[in-house]
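Notes follow the structure.
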Amino acid sequence: MKNPLSVIGYKLNNLIKNIMAFKEIFKKTSPYNEKTVVGFLSFAVMTVVMITDLVTGYLGQELPLNEYVFNAFMYITLGSFGIAGLENFAPGAKKEEVTQE
């Protein structure tokens, strides 16, 4: 039987490696589009806040949420997805980046 501490240590080590690999997204030669990642994270936060607002409203409590905070997440989401979407229609910019490398 394996030592339980070694199993926990192995899983913790893998978790740390995955968290540290997050910075690989923002490197110049990354296969991920960082604008899409930021847009998805912003959308996820916005969705969690809205679900929390619905649940607290159902329970009869008010969730004090400033409208400008929600609007900020909305603009970040729309802006990052919009920029990432426009990159698909501008193939000339991608060709220039490839030739410069």
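No lab work stands behind these numbers, since they all come straight from the coordinates. None of the values given here were measured: they were computed from a predicted structure. As a convention, Cβ positions derive from the backbone with ideal geometry for all residues, glycine included, and neighbour counts pool all protein chains shown.
Assorted remarks:
- Ordering of 54-67, 37-50 by packing is 37-50, 54-67, highest average first (other Cβ atoms within 10 Å, averaged per residue).
- The stretch between residue 15 and residue 41, if pulled fully straight at 0.36 nm per residue, gains 7.4 nm over its current Cα-Cα span.
- Maximal additional length on extending the residue 69-residue 27 stretch stands at 12.2 nm, based on 0.36 nm per residue less the C-alpha distance.
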